[in-house]
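For reference, the structure is listed below as structure tokens.
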Amino acid sequence: MQLEVGAILEGKVTGVKKFGAFVALPEGKTGMVHISEVSNSFIEDLATVLTEGQEVKVKVLSIGEDGKIALSIKRTLPPQPRQQGGPRPGGPRGGRGRSDTP
């Protein structure tokens, strides 16, 4: 598959750092998945989720003029249903609305 923005590819994790993971892509290219693009849930320690040698599906987010490739794992996952929150404190306007009485 051609390496272009929006493409979904299979790759292999080659390194895991605090800020993200490096992924080997086809054609000898390497891209990086920022920690915020790994999961829809908060991740404190990326090493608890990804390991070197792990096969992952990634989406190409951007390809910089300098050749840096930004990837996302979470954008290849099925969409999650939106959470239904309870009522906001202070009513529907969050307690910051103006009063209708003079």
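Throughout, read-outs are computed from the coordinates displayed, never taken from laboratory work. From a predicted model like this one, the values you see are computed outputs, not experimental measurements. Methodologically, a virtual Cβ is constructed for each residue, glycine included, from the backbone with ideal geometry; neighbour enumeration extends over all protein chains shown.
Some notes on this structure:
- Coupling constants for segment 19-26 follow from the phi torsions by the Karplus curve (6.51 cos²θ - 1.76 cosθ + 1.60, θ = phi - 60°), and in residue order they are 8, x, 10, 9, 10, 6, 10, x Hz; glycine and proline get x.
- Taking the fewest neighbouring Cβ atoms within 10 Å as the starting point, the ordered list for F42, F22 is F42, F22.
- Under-5 Å amide H pairs with A7, H placed in peptide plane, nonlocal only: V60
- Prolate/oblate/rounded call for segment 8-76, Cα gyration tensor, a/c under 1.5 rounded: prolate
- Couplings 3J(HN,Hα) for segment 3-9, derived from phi with the Karplus relation 6.51 cos²θ - 1.76 cosθ + 1.60 (θ = phi - 60°), are 7, 8, 4, x, 5, 10, 10 Hz, where x marks Gly and Pro.
- Around V16: net Lys/Arg minus Asp/Glu count, Cβ-Cβ under 11 Å: 0
- Residue exposure proxy: D66, D45, ordered by other Cβ atoms within 10 angstrom of their Cβ from fewest to most, comes out as D66, D45.
- Table column - 3J(HN,Hα) (Hz), segment 36-48, Karplus curve with 6.51, -1.76, 1.60, x for Gly and Pro: 6, 9, 8, 8, 6, 9, 5, 10, 7, 10, 4, 5, 7
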